[in-house]
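Here's the structure, in structure tokens; my notes come after.
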Amino acid sequence: MKNNGLAFVLVTTVAIAIVGAGLSVFFSRFINLSGTFGDTAPMSASNALPQAAPLQEPTTAITYSPPSPQDAPPSIKEAVLLGYNLLMETGKYAPDNVGNKLSCTNCHFKGGITQGGKNGGLSLVGVGATYPQYRKRQDYAVDLVTRTNDCFKRSMNGRPLPEESKEMTAIVTYYQWISKGLPVYAEIPWLGTQPLQSTHVPDKTKGEQLYGAKCSACHGKNGEGTAAAPPLWGDDSFNDGAGMHKPVNMSAFAHLNMPLGNPDLTVEDALDVADFVASQPRPHFSAK
Ligand code: HEC
Ligand code: HEC
């Protein structure tokens, strides 16, 4: 209890400081605008615009230390754990919204609690601090509800979760919790995929051979998946609107993560195999 009281005072103090700083920036912009649109009198020293103090650059590097879902405080613990379960076993917890045999964790390894990089899949640690974010697809800022439903509609070949559903709230609460401590709009190096840099022209035939040699044992001869790995194409996989369908994303993902546990594809191999996988049949995305 004592600790809670202290934490509350601290949080409140920090919140007041942040709001204060935000307000001063906001009002300086406001004054700036009224200066632009206001009377035409030339500016004198007396109505010179106050300058907002430059924002302080963070002095310490961003460190990766996501808290465990189990450690969430009681008031949000149920939501955080449901969010985690939804990412780990998506079809079980949201059966009406999943149209394939994938779970989020098949691409966002360990439910997204990784530092990206080799064997890390697509991290989600920090998304709570980096959204809303501009996306080309919508040509506007999108929040985590919209971004998550993009993966439901495309990567999961399913239907969007209702925005106010318990499940969507749980997923967003989970993101916030695993992003704890990361400054808002920090540059987080482990998020997203980095396209492979190469002038190599992908070779589908070589990609098919590589698939047989390095992928089919786990993902199945026809990309249908096995007990060891999820489907890569066909009816039970992501649809052709998914990010992973684009060779630029799959090649970067495969280069860092596949074969699972021992990723050893060269950049050229990764581009070839991604080109082959992208040429195989899969469900078609239609904006319903
Ligand atoms: C087939 C692989 C795949 C599956 C399955 C998948 N995603 Fe994604 N997801 C991606 C790719 C690819 C991106 C884009 C990464 C990038 O920005 O480079 C992405 C991005 C995201 C982002 C934004 C991350 C960022 O860094 O901005 C969120 C949030 C997200 N996915 C949530 C989910 C959730 C929740 C599920 C399950 C309902 C899910 N995804 C299932 C492939 C997948
Ligand atoms: C040792 C078994 C194994 C091999 C070999 C393997 N994968 Fe995977 N792959 C997996 C597993 C398991 C997952 C899901 C990981 C998870 O859920 O944590 C996965 C996930 C994926 C995904 C994202 C999920 C999906 O099904 O779309 C892609 C893409 C992928 N692998 C591509 C490849 C490619 C390309 C190769 C060959 C170069 C390959 N994999 C070789 C085990 C393997």
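The values are calculated or read from the model by the stated rules, or taken from the named source; none is laboratory data. For clarity, every value in this text was computed on a predicted model and none was experimentally measured. Here the Cβ positions follow ideal geometry from the backbone for every residue, glycine too, while neighbour counts run over all protein chains shown. Remember, those area values only see protein heavy atoms, side chains included, never the ligands or the DNA or RNA. Shrake-Rupley method; radii C 1.70, N 1.55, O 1.52, S 1.80 Å.
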Candidate set from segment 226-259 (those that are within 10 Å of ligand 1 (Cβ to nearest atom) and polar (S, T, N, Q)); member that is most open to solvent (accessible area, probe 1.4 Å): ASN249
Which numbered condition CYS218 fails, given (1) touching a Gly at 6+ places or on another chain (Cβ under 9 Å); (2) farther than 18 Å from ASP264 by Cβ: (2)
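Applying the selection to segment 132-153, what residues are more than 7 Å from ligand 1 (Cβ to nearest atom) and either open to solvent by less than 40 Å² (accessible area, probe 1.4 Å) or assigned by TED's automatic domain parsing to the domain that holds ALA254 (or both)?
Those that are more than 7 Å from ligand 1 (Cβ to nearest atom) and either open to solvent by less than 40 Å² (accessible area, probe 1.4 Å) or assigned by TED's automatic domain parsing to the domain that holds ALA254 (or both): VAL142, VAL145, ASN149, ASP150.
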Residue match in segment 229-240 (condition: among the hydrophobic types (A, V, I, L, M, F, W, C), farther than 27 Å from THR90 by Cα and within 11 Å of ligand 2 (Cβ to nearest atom)): no
Answer residue from segment 82-123, given it is more than 15 Å from the chain's Cα centre (by Cα) and within 22 Å of ALA252 (Cα to Cα) and is surrounded by the fewest Cβ atoms within 10 Å (Cβ to Cβ) among those: LYS118
Which numbered condition PHE276 misses (of (1) more than 9 Å from ligand 2 (Cβ to nearest atom); (2) touching a Gly at 6+ places or on another chain (Cβ under 7 Å)): (1)
Test: residue in segment 211-219 that is more than 10 Å from ligand 2 (Cβ to nearest atom), of a type outside the set (S, T, N, Q) and closer than 15 Å to MET250 by Cα: no
Any chance TYR185 is open to solvent by 30 Å² or more (accessible area, probe 1.4 Å) and under 22 Å from the mean Cα position of the chain (by Cα): yes
Any pair with Cβ under 8 angstrom, 6 or more apart, that starts in segment 199-226 at a residue that is assigned to a loop (DSSP other than H, G, I, E, B) and ends at one that is open to solvent by 90 Å² or more (accessible area, probe 1.4 Å): GLY225/LYS101
Every residue from segment 260-272 that is open to solvent by less than 40 Å² (accessible area, probe 1.4 Å) and in a loop (DSSP other than H, G, I, E, B): PRO263, LEU265
Which numbered condition PRO69 fails, given (1) in contact (Cβ under 8 Å) with a residue 12 or more places away in the chain; (2) within 24 Å of THR193 (Cα to Cα): (2)
Residue match in segment 206-225 (condition: within 10 Å of ligand 1 (Cβ to nearest atom), among the hydrophobic types (A, V, I, L, M, F, W, C) and open to solvent by less than 60 Å² (accessible area, probe 1.4 Å)): no
Odd one out for TYR64, checked against (1) touching a Gly at 6+ places or on another chain (Cβ under 8 Å); (2) over 25 Å from ASP240 (Cβ atoms): (1)
Yes/no for THR146 being in contact with a Ser or Thr (Cβ under 6 Å, 6 or more places away or on another chain) and farther than 15 Å from GLY83 by Cα: no
GLU164 being in contact (Cβ under 8 Å) with a residue 12 or more places away in the chain, open to solvent by 20 Å² or more (accessible area, probe 1.4 Å) and of a type in the set (Asp, Glu): no
